[in-house]
Amino acid sequence: MAASLTPRKVAVLGPIPHDRITTHRGEVFEKFGCTLYTAAALSALMGPDDVICPIVHVRREDEGPIKEALARFGNVDVTGIRSITNQGDIVELEYVDQNTRIERQTGFMAPILPEDVEFALDADAFVCVPITDYEVGPATLAYIKTHSDGVIVFDGHGPTVTLTRGGERFNRLWVERDTWLPYIDILKMNLEEAGCSWFPERGDGPSIGAELSRDELPLFAEHCLEHGIRALCVTLDEEGCVVYYRDSDGTVREELVGRIPVEHVVDTTGCGDSFAAGMAFGYLEHGDFIEAARYGNAMGAQRCAGSELAIYKSLEETKLQIEAIYGAVGSPVATAAMTQER
């Protein structure tokens with residue numbers, strides 16, 4: 001699919017939490033996150049006539065600073081950033097190592113409801129990046145699916161995380177998974193989240209909720225594809241990601257998309273949110289799940305290389321980054337790489 005010359009619109013659903021982050025190197029950052037990363041990454045990739053619409057509930061005291069942070073991005077429409085409920089996420093993140101963190105939440109965003117997305121139903125894509133199970137629910141996804149033709153990219157982090165009485169954030173089993181899947185086009189998650197979403201009869205195998213093995217992933221993917229999604233992308237940390245989808249013959253295909261190396265990892269917070277942005281853009285740009293995953297890898301790699309929103313590269317720079325690793329779209333190098341992956 002060739003790049004579109006028609007202006008595009010992408011809605012981003014999720015919180016913009018006030019984060020206090022302690023990195024694995026002991027550095028401390030205080031800033032806003034999640035949907036802010038997704039919107040900034042999309043802004044870097046999309047054109048000046050395109051529109052990115054964050055849809056989020058925030059605290060009144062945070063509304064001004066959040067809109068100010070987004071003011072530098074000329075193609076971001078802040079209409080959907082609302083403080084009428086005066087509720088927003090406040091999250092403490094302490095990294096034990098580069099990828100493992102302890103989480104506690106002390107502020108709680110009001111959930112995003114169907115009426116909140118009404119103004120953006122003409123969007124070409126809806127990127128949903130909830131961080132807790134209640135923030136973007138199935139009723140809202142169903143409303144979008146019924147009233148819009150936009151592709152729905154959904155991050156499985158939300159429904160696989162819940163809160164204890166003291167605000168501690170822990171993984172939960174996504175036992176109601178199959179009631180959500182018909183309303184999702186592209187499901188993105190990591191191995192831990194996939195483990196919280198797959199619970200067949202295990203016998204003497206791994207315990208329920210354990211991180212999925214690579215051998216189990218195809219079974220999980222086929223189940224998800226049978227229940228409504230069009231593609232599953234599971235991130236694999238240092239290995240990149242793996243994508244499952246059905247080809248034109250209906251056969252389930254597995255494609256390993258290798259990582260884009262990062263010389264110096266500064267802060268991995270928001271990598272998943274950035275990955276989701278890249279995947280949504282890549283799919284709109286090319287109509288191809290593998291190209292979408294490559295853009296996802298690129299935006300995740302850019303995000304962890306710094307701590308500021310300005311870390312994202314332009315579309316032309318990102319294309320060069322992708323081509324350096326995977327080859328140009330349609331080139332012999334890229335085609336050979338895909339053949340090897342298969």
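The table below gives the values:
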read-out: Relative packing of 36-47, 15-26, 245-256, which averages over residues the other C-beta atoms within 10 Å, highest first; value: 36-47, 15-26, 245-256
read-out: Accessible area in the full protein assembly, largest first, 1.4 Å probe, for L309, L113, L141; value: L113, L309, L141
read-out: Charged-residue dipole, Cβ positions (Lys, Arg, Asp, Glu), segment 62-166 about Cα centre, Debye nearest 20; value: 180 debye
read-out: Residues of the chain: accessible area per residue with a 1.4 Å probe, Å²; value: 42 Å²
read-out: Residue-averaged [θ]222 nm for the chain, counting only DSSP H segments that reach four residues, each worth -39500 (n - 2.57); value: -9500 deg cm²/dmol
read-out: Prolate/oblate/rounded call for segment 114-262, Cα gyration tensor, a/c under 1.5 rounded; value: oblate
read-out: Rounded, prolate or oblate (a/c below 1.5 giving rounded, otherwise prolate when a/b exceeds b/c) for segment 172-258 by Cα gyration tensor; value: oblate
read-out: Peptide ranges 125-131, 48-54 listed from the most packed, as the mean C-beta count within 10 angstrom indicates; value: 125-131, 48-54
read-out: Relative contact order [Cα under 8 Å, 6+ residues apart], segment 81-172, whole percent; value: 26 percent
read-out: Positive minus negative residues near A44 (Lys, Arg vs Asp, Glu; Cβ under 10 Å); value: 0
read-out: Of all accessible heavy-atom area on the chain, the percent that carbon and sulfur account for (1.4 Å); value: 51 percent
read-out: Long-range amide H partners of L13 with built H, under 5 Å; value: I55, V127, C128, V129
read-out: Exposure of T146 as accessible area (Å², to 10), given a probe of 1.4 Å and all protein chains; value: 100 Å²
read-out: Shape call, the chain: gyration tensor on alpha carbons, a/c limit 1.5; value: rounded
read-out: Dipole-positive endmost among I131, F119, L181 within segment 116-227 (Cβ charges, Cα centre); value: I131
read-out: Local electrostatic count, K313, Cβ distance below 11 Å [Lys/Arg +1, Asp/Glu -1]; value: 0
read-out: Test item: Cα-centred dipole of the chain, Lys/Arg +1 and Asp/Glu -1 on Cβ, debye; value: 400 debye
read-out: Order of exposure, largest accessible area first, which applies to I325, I55 with probe 1.4 Å; value: I325, I55
read-out: Most to least packed among 191-198, 81-88 [average Cβ atoms within 10 Å]; value: 191-198, 81-88
read-out: Among I90, S148, G272 the positive-end extreme of the charge dipole of the chain (Cβ point charges); value: I90
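The values are calculated or read from the model by the stated rules, or taken from the named source; none is laboratory data. Because the structure is a prediction, the values reported are computed rather than measured. A quick note on method: Cβ atoms are made from the backbone with ideal geometry, for glycine too, and the neighbour counts reach across all protein chains shown. Just the protein is used for accessible areas: all its heavy atoms, side chains included, with ligands, DNA and RNA removed. Shrake-Rupley method; radii C 1.70, N 1.55, O 1.52, S 1.80 Å.
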